[in-house]
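See structure below.
Read-outs throughout are calculated quantities, based only on the coordinates presented, and are distinct from any laboratory measurement. Predicted, not measured: the structure shown is a model, and the values here were computed from it. Note that we place each Cβ from the backbone using ideal geometry, even for glycine, and neighbour counts take in every protein chain shown.
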Amino acid sequence: MQQPPPRVANTAPSQPDLPQTASTLISSEEGVNGILCADARGLCLAAKGCSQAHMAGYLRSIVDNAVDLLGAPSSEHCIVCVESASGKILLTGQQQTYTAIFKTAAP
């Protein structure tokens, strides 16, 4: 009788539940009405609230161009703030993950 192959334990590092984390941030932080997370290729990892998945590539591109314009080393943390009368978007990229937080304007 042939023995089944040994089982290999899953050794992949655990990833936080991005959609759940995004929902928690939107509900707990005043003025936050959307969050978008993208990977290093600009593919959407999570989109909640007013953000949309197709924005992920733009997010990555804006942050990468800001870093290039500043001439910042890749190890340095860069935050981009895009403001308008209706609110602002905070964009950042760190450790191959890009994040945008959408906030409404204060009354």
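Only alpha carbons enter this Debye calculation for the stretch 42-99, each as an equal point scatterer, and the log10 of I(q)/I(0) it gives at q = 0.12, 0.13, 0.17, 0.25 Å⁻¹ is -0.29, -0.34, -0.57, -1.10. Take the Cα of Ser84, step 7 Å toward its Cβ, do the same at Ala105, and the gap between the two points is 1.1 nm.
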